[in-house]
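Q: Attaching a single structure in structure tokens format; questions to follow.
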Amino acid sequence: MQLLRLVLVALSFLPWTTLHAAELFIVENGEPRAEIVIGDKPARMTKLAAKELQTCLAKMSGATLPIVTERQPGKVAIFVGLSRHTTALDLAADGLKHGAFRIASGKDWLALLGPDKDFVPIEPWGRNRSQQETTRVNAAWDKITGDTFWNAARDLHFRYHADLDVWEQDDAGTFNAVNEFLRGLGCRWYAPGELGEVIPQRTTIRLPEVNRTVTPDFAVRRFIYYTEHTGIGDKALWNLRLGLNHGAELLGFPQICHGMKFVIKRDEMKRTHPEMYLLRNGKRDTTHKEDGVPDLLSPVLFEKQVKHVRAMFDHFHEPMHNIDLVDGYGGMTGDDPAWNAQQTPARGWRGSMSDHVWGYMNRVAQELYRSHPDRLVSALAYSAYTLPPENIAQMSPNLAIIETRHRQDFWDEALWNERRTMRAEWLKKLPSGKYITWDYSTNARPEQAGRPVVFTRQIARDLRELKGVTLGEQNEIYTHPKGQETSFGYDELAIEHLNLYLAARLYWDVNQDVDTILAEYCRDYYGPAAEAMRAFLTHAEANWMHMSTDAAKIGESLALLAKAQAATETQSLPGRRIAQIADIMKPLRSLQQQLSRKRDTDLSYRALQTNQTDGKPMQGKPLDGNVDRTWWGSYRIAPLLPLNSKSSPAKSNGQFQVLREGAVLHFGVVCDEPDMSGNQITTAQNDDPRLLAGDHVLLLIETPTRSYYEIAINPAGAIYDADQGPGGRGVAWNSGAQVAVHRGERLWSIELRLPIVGEDAFTLNPTKGVAGAQPKELFPWHFNLGRVRVRNGKIERTAYSPTGTDEFQVPEKFGILWSK
């Protein structure tokens, strides 16, 4: 039987209309006329595929087809997976790889076939994340390697989904065949879970005449989620329905990034070989992100990494293993002059470590090529080593490159062309020709969520150019921490599912028409609001990138979404889907209000988290007002400047820092004072307006929802706080801040701990707390911090953001405050 290779345009797939001469039915008028036939010992994925077919046909028609191993006379047989029955019909899945499949039919049968290969993990591998299990698998690995490496198979259990009883490494060809058949009947899975499912009602389903072999345009089609280590729930089944392929047959089973951590992570290695770790600030850094920072000039590190990868090849039979550096290596500084001499800052951030990093990784690859020329190693083009090295003409022939990127930014033609040029430069140096892309779908992270980021045109354009060039791609997707999903107030895939769905379908055939896909999506998913949602999505794609700065674009988007909501019933499926989008876009209303205010300064202050500084965690510091650099560190110290340039220069300087630790902002203010005895302390009572007539520090805060709050503190530690916004309670409001003042010989200083209580605080209790979510890069707070010094009837005023007047309360001059 001749096989036709036809890559399906799945979303525009025509219903099965070519029938056998004697018309037969799978379901007729709601009654089952067929049975699902599987092998005597079916593969895991085959069993799941049979269940999937049975379940979806039942939802569609009301008829439940039995799953059997023996054919019953007089019934249409749907063969799911290879079996003795398909062998008797001379049906095979030979040569099908990476999830490819075959759909064929005869006079009274339909076959949905893939290779049906079960993944078998090799011992030792971890069954869970317990310390006991970690100790067990590492000890077993030590006996194999004769060393103290971290066993990369310790977390292999992440790839097994107990609720489905499948591994991600199982061949899914049969499952893909089942879902392609269901797509031909109109089924769609636009998002995870039942809300993302579209199954049409059909009481009669005819047996089609078909003979097709379907292969994907990209071999690797991998989605990974932030909650891989705790389980991904409905997303595991969604991944399968999208036709994804984990790609372990090409890339290996461990993570495809930061593979060096398996070499340097364990305490035993750190104690035995401290020389493998970079000398930083006078000591070997063995603590960075729990792994430590490798010293790429260490001959012992080189020897150990080569030994580790050879063990992975020999024991686990890995086709490829990642040798990339630990996360956060880009931008590191070290004490060794020889190490520093390898840096190339003149190439800009993305090339500042390229020669240094790729010089090392290429040497590792070359050494491994001598012993294992049939295996590959991979490394990320990432961070400060994104650009190709200049001092290597040709990379080792066993090296594969993984380019990290943000496809959504390719609306900017300059960035798009810059990436294309860089890829071409990499490929010139890459004898293996093995290139993989790593995209990010992280717009739903709490600090970014809000904008309707839709970029279907960039997805299609980019994938069409990558076809035949890359092995495929991995997409890293933000998901809420397991168990905390409802606390965020929005579904993280409310908008992002469309980008992911489109990419997944184009992985199979890049030449599908995007407009057809979108029209079908709007019709199926939003029903009566289809036209309004198409208008919303079209506007979003053209304007999301401007919504962080343009209030008008936000207003247009919200109006279009409101029109779509008005076209549906609130509790209908389309209504609930649109409501999810409205939920994730809520922060835009506050941002719109904030952007509508006039601004007259470009000042921006990023509050570092305490673990990002050279200080110590603030939770262990007594609140005593002493801005001790041991705790506060030396980063991002900002000066206070004369408030009004026409005023005389201040006789005493001031400076401040802002740090974030969890849901608390820490303000540290130091006021130099040569005349401590002359401090004008006008009150020791809280909320006494006389405080403002003497020496004090003033903090003004505007959040996206409130403008503005005022907190003043004097050298006696008295605090005056007031809500000056519309409908505010004035001094009846309490900031909830903890304050302490330290008075030294020639300075006085303040430590203020301000809790972040959430954007609904004013609604819940207008008398307490700063109403605002964590200040973020996209949704920041605005602020000014000033000092008033009174001496001999004269007033000196200094501030972070000078206003050009003698008043601090000029919101147009408030600088940006944000944190990651």
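The values are calculated or read from the model by the stated rules, or taken from the named source; none is laboratory data. Here the structure is a predicted model, which means the values were calculated and not measured. Virtual Cβ from ideal backbone geometry, glycine too; neighbours counted across all protein chains shown. Quick note on the areas: whole protein, heavy atoms, side chains included, nothing else; ligands and nucleic acids left out. Shrake-Rupley method; radii C 1.70, N 1.55, O 1.52, S 1.80 Å.
Q: Hey, does region 599-608 have a residue that's modelled with pLDDT under 90, part of a loop (DSSP other than H, G, I, E, B), open to solvent by less than 60 Å² (accessible area, probe 1.4 Å) and out of contact with any Gly (no Cβ under 8 Å at 6 or more places or on another chain)?
A: no
Q: Among the residues of region 69-83, is there at least one that is in contact with a Ser or Thr (Cβ under 8 Å, 6 or more places away or on another chain), assigned to a helix (DSSP H, G or I), of a type in the set (Ser, Thr, Tyr) and open to solvent by 10 Å² or more (accessible area, probe 1.4 Å)?
A: So far as region 69-83 goes, no, none of its residues is in contact with a Ser or Thr (Cβ under 8 Å, 6 or more places away or on another chain), assigned to a helix (DSSP H, G or I), of a type in the set (Ser, Thr, Tyr) and open to solvent by 10 Å² or more (accessible area, probe 1.4 Å).
Q: Can you tell me which residue is farthest from Arg419 (Cα to Cα) among those in region 462-477 that are in a loop (DSSP other than H, G, I, E, B) and touching a strand residue (DSSP E or B) at 6+ places or on another chain (Cβ under 7 Å)? Break it down stepwise before answering.
A: Taking region 462-477 first, the residues in a loop (DSSP other than H, G, I, E, B) are 467-471.
Still in the running and touching a strand residue (DSSP E or B) at 6+ places or on another chain (Cβ under 7 Å): 469-471.
On the way: Val469: 14, Thr470: 14, Leu471: 17 Å.
Looking at the filtered set, the residue picked out is Leu471.
Q: Counting just the residues of region 609-619 that are in contact with an Asp or Glu (Cβ under 9 Å, 6 or more places away or on another chain) and either under 30 Å from Asp491 (Cβ atoms) or assigned to a loop (DSSP other than H, G, I, E, B) (or both), which one comes out least open to solvent (accessible area, probe 1.4 Å)?
A: Our first condition is that a residue be in contact with an Asp or Glu (Cβ under 9 Å, 6 or more places away or on another chain); within region 609-619, this holds for 609-611, 615, 617-619.
Checking which are either under 30 Å from Asp491 (Cβ atoms) or assigned to a loop (DSSP other than H, G, I, E, B) (or both) leaves us with 609, 611, 615, 617.
Numbers: Gln609: 51, Asn611: 126, Gly615: 21, Pro617: 72 Å².
Of everything passing the filter in region 609-619, Gly615 is least open to solvent (accessible area, probe 1.4 Å).
Q: Of all the strands (runs of 3 or more DSSP E) wholly in region 733-800, which have at least 1 residues that are of a type in the set (Gly, Ala, Ser) and open to solvent by less than 10 Å² (accessible area, probe 1.4 Å)? Break it down into steps so the answer makes sense when it comes.
A: Details: elements: 738-743, 747-755, 781-791, 794-799.
Once the strands (runs of 3 or more DSSP E) in region 733-800 are filtered for at least 1 residues that are of a type in the set (Gly, Ala, Ser) and open to solvent by less than 10 Å² (accessible area, probe 1.4 Å), what remains is 747-755, 781-791, 794-799.
Q: Do you know which of the residues in region 665-683 that are within 21 Å of Leu700 (Cα to Cα) and assigned to a loop (DSSP other than H, G, I, E, B) is least open to solvent (accessible area, probe 1.4 Å)?
A: Only one residue fits best here, namely Thr683.
Q: If you don't mind, another one. Give just the number: which of (1) surrounded by fewer than 16 Cβ atoms within 10 Å (Cβ to Cβ); (2) more than 20 Å from Ile122 (Cα to Cα) does Asp314 not satisfy?
A: Failed condition: (2).
Every residue, every condition in (1) surrounded by fewer than 18 Cβ atoms within 10 Å (Cβ to Cβ); (2) under 18 Å from Thr456 (Cα atoms); (3) among the hydroxyl-bearing types (Ser, Thr, Tyr); (4) in contact (Cβ under 8 Å) with a residue 40 or more places away in the chain, yes or no:
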{"site": "Tyr521", "(1), (2), (3), (4)": "no, yes, yes, yes"}
{"site": "Ala551", "(1), (2), (3), (4)": "yes, no, no, yes"}
{"site": "Glu556", "(1), (2), (3), (4)": "yes, no, no, no"}
{"site": "Thr568", "(1), (2), (3), (4)": "no, no, yes, yes"}
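Q: Keeping to region 620-638, report how many residues are without any contact (Cβ under 8 Å) to a residue 40 or more places away in the chain and either closer than 13 Å to Val669 by Cβ or in a helix (DSSP H, G or I) (or both).
A: Summing the residues that are without any contact (Cβ under 8 Å) to a residue 40 or more places away in the chain and either closer than 13 Å to Val669 by Cβ or in a helix (DSSP H, G or I) (or both) in region 620-638 gives 6.
Q: The conditions are (1) within 26 Å of Ile205 (Cα to Cα); (2) basic (Lys, Arg); (3) open to solvent by 50 Å² or more (accessible area, probe 1.4 Å); (4) touching a residue at least 40 places away in the same chain (Cβ under 8 Å), and Arg129 fails exactly one of them. Which is it?
A: All conditions are met except number (1).
Q: Something else: So, of the residues in region 459-495 that are acidic (Asp, Glu) and open to solvent by 10 Å² or more (accessible area, probe 1.4 Å), which turns out to be farthest from Glu180 (Cα to Cα)?
A: In the first step, residues of region 459-495 are kept if they are acidic (Asp, Glu); the result is 462, 465, 473, 476, 485, 491-492.
Checking which are open to solvent by 10 Å² or more (accessible area, probe 1.4 Å) leaves us with 465, 476, 485, 491-492.
Numbers: Glu465: 25, Glu476: 25, Glu485: 31, Asp491: 27, Glu492: 27 Å.
Of everything passing the filter in region 459-495, Glu485 is farthest from Glu180 (Cα to Cα).
Q: Out of curiosity, is Tyr440 touching a strand residue (DSSP E or B) at 6+ places or on another chain (Cβ under 6 Å) and without any contact (Cβ under 8 Å) to a residue 40 or more places away in the chain?
A: Numbers: touching a strand residue (DSSP E or B) at 6+ places or on another chain (Cβ under 6 Å): yes; without any contact (Cβ under 8 Å) to a residue 40 or more places away in the chain: yes.
It is true that Tyr440 is touching a strand residue (DSSP E or B) at 6+ places or on another chain (Cβ under 6 Å) and without any contact (Cβ under 8 Å) to a residue 40 or more places away in the chain.
Q: Return the residue satisfying two criteria in turn: it lies in region 349-375 and is touching a residue at least 12 places away in the same chain (Cβ under 8 Å) and assigned to a loop (DSSP other than H, G, I, E, B), and of such residues it is most open to solvent (accessible area, probe 1.4 Å).
A: First, the residues of region 349-375 that are touching a residue at least 12 places away in the same chain (Cβ under 8 Å): 349-369, 371-373, 375.
Now narrow it down to the ones that are assigned to a loop (DSSP other than H, G, I, E, B): 352-353, 372-373, 375.
Values: Ser352: 17, Met353: 5, His372: 21, Pro373: 81, Arg375: 48 Å².
Looking at the filtered set, the residue picked out is Pro373.
Q: Let me ask another. Checking Val454 against (1) farther than 30 Å from Leu399 by Cβ; (2) in a helix (DSSP H, G or I); (3) at pLDDT 95 or above, only one condition comes out false. Which one?
A: Val454 satisfies every listed condition except (2).
Q: Please state which one of Asp291, Asp267, Asp314, Asp295 is under 15 Å from Trp339 (Cα atoms) and among the charged types (D, E, K, R). Please lay out each step first, then the result.
A: Details: Asp291 fails: under 15 Å from Trp339 (Cα atoms); Asp267 fails: under 15 Å from Trp339 (Cα atoms); Asp314 fails: under 15 Å from Trp339 (Cα atoms).
Selected residue: Asp295, the only one of Asp291, Asp267, Asp314, Asp295 that is under 15 Å from Trp339 (Cα atoms) and among the charged types (D, E, K, R).
Q: Which residue out of Lys97, Lys41 is at pLDDT 95 or above, open to solvent by 40 Å² or more (accessible area, probe 1.4 Å) and under 30 Å from Gly472 (Cα atoms)? Show your work before the answer.
A: Details: Lys41 fails: under 30 Å from Gly472 (Cα atoms).
Among Lys97, Lys41, only Lys97 is at pLDDT 95 or above, open to solvent by 40 Å² or more (accessible area, probe 1.4 Å) and under 30 Å from Gly472 (Cα atoms).
Q: Residue check: is His229 open to solvent by 10 Å² or more (accessible area, probe 1.4 Å), within 22 Å of Asp324 (Cβ to Cβ) and modelled with pLDDT of 95 or more?
A: On the way: open to solvent by 10 Å² or more (accessible area, probe 1.4 Å): yes; within 22 Å of Asp324 (Cβ to Cβ): yes; modelled with pLDDT of 95 or more: no.
So His229 fails the test.
Q: If Ala684 passes every condition in (1) modelled with pLDDT of 95 or more; (2) in contact with a strand residue (DSSP E or B) (Cβ under 9 Å, 6 or more places away or on another chain); (3) aliphatic (A, V, I, L, M) but one, which one does it miss?
A: (2)
Q: Filter region 409-426 down to residues that are in contact with a Phe, Trp or Tyr (Cβ under 6 Å, 6 or more places away or on another chain) and either among the β-branched types (Val, Ile, Thr) or under 28 Å from Val377 (Cα atoms) (or both), then give me how many there are.
A: Of the residues in region 409-426, the ones in contact with a Phe, Trp or Tyr (Cβ under 6 Å, 6 or more places away or on another chain) are 410, 416.
Okay, now just the ones that are also either among the β-branched types (Val, Ile, Thr) or under 28 Å from Val377 (Cα atoms) (or both), so 416.
Residues flagged as in contact with a Phe, Trp or Tyr (Cβ under 6 Å, 6 or more places away or on another chain) and either among the β-branched types (Val, Ile, Thr) or under 28 Å from Val377 (Cα atoms) (or both) within region 409-426 amount to 1.
Q: Still on this model: Would you check which residues across region 189-199 are buried (at least 20 other Cβ atoms within 10 Å of the Cβ) and out of contact with any strand residue (DSSP E or B) (no Cβ under 9 Å at 6 or more places or on another chain) and list them?
A: Correct list: Pro192 only.
Q: Given the criteria basic (Lys, Arg), open to solvent by 20 Å² or more (accessible area, probe 1.4 Å) and either modelled with pLDDT under 95 or closer than 24 Å to Gly247 by Cβ (or both), does Arg202 qualify?
A: Working: basic (Lys, Arg): yes; open to solvent by 20 Å² or more (accessible area, probe 1.4 Å): yes; either modelled with pLDDT under 95 or closer than 24 Å to Gly247 by Cβ (or both): no.
So Arg202 does not fit the description; no.
Q: Scan region 688-728 for residues that are modelled with pLDDT under 95 and in a loop (DSSP other than H, G, I, E, B) and jot them down.
A: Answer for region 688-728, where residues must be modelled with pLDDT under 95 and in a loop (DSSP other than H, G, I, E, B): Thr703, Pro704, Thr705, Arg706, Gln724, Gly725, Pro726, Gly727, Gly728.
Q: Looking only at region 360-382, which residues are of a type in the set (A, V, I, L, M) and within 30 Å of the chain's Cα centre (by Cα)?
A: Initially, region 360-382 is screened for residues of a type in the set (A, V, I, L, M), giving 361, 364-365, 368, 376-377, 379-381.
Hits for region 360-382 are Met361, Val364, Ala365, Leu376, Val377, Ala379, Leu380, Ala381.
Q: Six or more apart or on different chains, Cβ atoms under 9 Å: show the pairs whose first residue is in region 226-245 and among the acidic types (Asp, Glu) and whose second is part of a loop (DSSP other than H, G, I, E, B) and surrounded by fewer than 17 Cβ atoms within 10 Å (Cβ to Cβ).
A: Hits for this filter: Asp234/Gly193.
Q: Would you check if Asn714 is among the polar types (S, T, N, Q), open to solvent by less than 30 Å² (accessible area, probe 1.4 Å) and farther than 30 Å from Thr549 by Cβ? It would help to see each step written out before you state the result.
A: On the way: among the polar types (S, T, N, Q): yes; open to solvent by less than 30 Å² (accessible area, probe 1.4 Å): yes; farther than 30 Å from Thr549 by Cβ: yes.
Yes, satisfied.
Q: While we're here: Anything in region 620-664 that is open to solvent by 10 Å² or more (accessible area, probe 1.4 Å) and on the phi > 0 side of the Ramachandran plot? List them, or say none.
A: Hits for region 620-664 are Arg636, Gly662.
Q: Collect the residues in region 523-542 that are open to solvent by less than 20 Å² (accessible area, probe 1.4 Å) and not small (Gly, Ala, Ser), keeping them in residue-number order.
A: Tyr525, Tyr526, Met533, Phe536, Leu537 - these are the residues of region 523-542 that are open to solvent by less than 20 Å² (accessible area, probe 1.4 Å) and not small (Gly, Ala, Ser).
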